[in-house]
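> Sharing a structure, written as structure tokens. Questions coming.
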There are 2 protein chains.
Amino acid sequence: MGPTATDTATGTPPRFRTFTEDDRLPEPLPEPTRDEMRLEIVMAALSDPLRLFIVRKLLLEAERIDHPCGWFGLDRPKSSLTHHFRTLRDAGLIRQRQYGLTRGNQLRVEDLEARFPGLLRLIADWRPHA
Amino acid sequence: MGPTATDTATGTPPRFRTFTEDDRLPEPLPEPTRDEMRLEIVMAALSDPLRLFIVRKLLLEAERIDHPCGWFGLDRPKSSLTHHFRTLRDAGLIRQRQYGLTRGNQLRVEDLEARFPGLLRLIADWRPHA
DNA sequence: TCTGTTGTACGATGCAAGTCGTACAAGGAG
DNA sequence: CTCCTTGTACGACTTGCATCGTACAACAGA
């Protein structure tokens, strides 16, 4: 498994899984730094159920450092998905890396925990459709 | 002072100030119950800087159980303010009570802490304009 | 080289939200 | 009763966002 454990819901601070970086990874696409992240923008990005689903899936089900669009199993046109992933990256929620033809999507777990502590917990607890 | 203390930022769970209820208070205007609150809707309500300001001011500077519109010192037309306060109430963030001609606005601190633990902490830490 | 895959770029469309003016309602103070 | 205050209701305007079709680019594999 990975280097970290998951939240135990016992009152201990939640810890979400991260993956160690590989030096040979391509540079991330342009993204805001921690300090450039804006709460309003993050909130707006998370006000869409599809984007909430994407972030939550990355948070709870990621198996590698990042995953391409298709991994999420979203039944939408590709041009729609491009729009949503870009919105998430612009808000600072995800990091995107280009691997030849595919693009890897990674949740910025450590940056988000540092900048907005508790935010990921809210997303993990989200119940869609309820 | 009130019955509660404030967050100490030392790792202890944050506790925000609440006010004891008075039996003679008028009934709140229609609002979602705890379980009816939706994270997407709450996020959308908080994606507007003016509304974030309103909620944050209620969280950090409330002196009574609720406050009328004018207390916030917002330089906008009244019809705009009606819209924003209604958005906050529909999302479940605030409770509104009618006192004759004025309307009191109260943050639903306990409901929000129960339904979305950690959310108020994010709002308290928000820095506008930064 | 031809084909299939992954995803962007551009543009059109429809809808929701923010903004605000005006008119109006309820009630307190004089 | 009259005036002022607080806030709603309605409607118009504008902006922004979600959605998606089409065309295109980059690349892998047969």
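To keep it simple, each residue is scored yes or no on (1) within 16 Å of DNA strand C (Cβ to nearest atom); (2) out of contact with any helix residue (DSSP H, G or I) (no Cβ under 9 Å at 6 or more places or on another chain); (3) of a type outside the set (A, V, I, L, M, F, W, C).
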| position | (1), (2), (3) |
| --- | --- |
| B:81 | yes, no, no |
| B:90 | yes, no, yes |
| B:96 | yes, no, yes |
| B:103 | yes, no, yes |
| B:107 | no, no, no |
| B:116 | no, no, no |
| B:121 | no, yes, yes |
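> Is it the case that region B:102-109 has a residue that's open to solvent by less than 70 Å² (accessible area, probe 1.4 Å), within 15 Å of DNA strand D (Cβ to nearest atom) and within 14 Å of chain A (Cβ to nearest Cβ)?
Scanning region B:102-109 turns up no residue that is open to solvent by less than 70 Å² (accessible area, probe 1.4 Å), within 15 Å of DNA strand D (Cβ to nearest atom) and within 14 Å of chain A (Cβ to nearest Cβ).
> Moving to a separate point now. Out of region B:52-70, which residues are within 16 Å of DNA strand C (Cβ to nearest atom) and among the β-branched types (Val, Ile, Thr)?
B:54, B:55, listed by residue number.
> Restricting to region A:37-47, give me the number of residues that are within 16 Å of DNA strand C (Cβ to nearest atom), open to solvent by less than 40 Å² (accessible area, probe 1.4 Å) and in a loop (DSSP other than H, G, I, E, B).
Residues meeting the conditions: 2.
> Among (1) within 19 Å of residue A:48 (Cα to Cα); (2) in contact with a strand residue (DSSP E or B) (Cβ under 6 Å, 6 or more places away or on another chain); (3) at pLDDT below 95, which single condition is residue A:103 missing?
It fails just one condition, (1).
> Report every pair of residues separated by at least 6 positions or lying on different chains whose Cβ atoms are under 9 Å apart, first residue within region A:43-62 and over 15 Å from residue A:122 (Cβ atoms), second of a type in the set (Lys, Arg) and outside any helix (DSSP H, G or I).
A:50/A:76; A:62/A:17
> Conditions: (1) within 16 Å of DNA strand D (Cβ to nearest atom); (2) more than 20 Å from residue A:14 (Cα to Cα); (3) open to solvent by 20 Å² or more (accessible area, probe 1.4 Å); (4) in a helix (DSSP H, G or I). Residue A:71 meets all but one. Number of the miss?
Just one mismatch for residue A:71, condition (1).
> Confirm whether residue B:34 is touching an Asp or Glu at 6+ places or on another chain (Cβ under 8 Å), open to solvent by 50 Å² or more (accessible area, probe 1.4 Å) and part of a loop (DSSP other than H, G, I, E, B).
Considered against the rule, which asks whether it is touching an Asp or Glu at 6+ places or on another chain (Cβ under 8 Å), open to solvent by 50 Å² or more (accessible area, probe 1.4 Å) and part of a loop (DSSP other than H, G, I, E, B), residue B:34 comes out as yes.
> Still on this structure, I have one more. Within region A:112-130, which residues are surrounded by 18 or more Cβ atoms within 10 Å (Cβ to Cβ) and within 13 Å of residue A:55 (Cβ to Cβ)?
Passing the criteria: A:112, A:116, A:119, A:120, A:121, A:122, A:123, A:126.
The values are calculated or read from the model by the stated rules, or taken from the named source; none is laboratory data. None of the values given here were measured: they were computed from a predicted structure. Reconstructed Cβ throughout: ideal geometry from the backbone, glycine too, with neighbour counts over all protein chains shown. Keep in mind that these areas ignore ligands, DNA and RNA; they rest on the heavy atoms of the full protein, side chains included. Shrake-Rupley method; radii C 1.70, N 1.55, O 1.52, S 1.80 Å.
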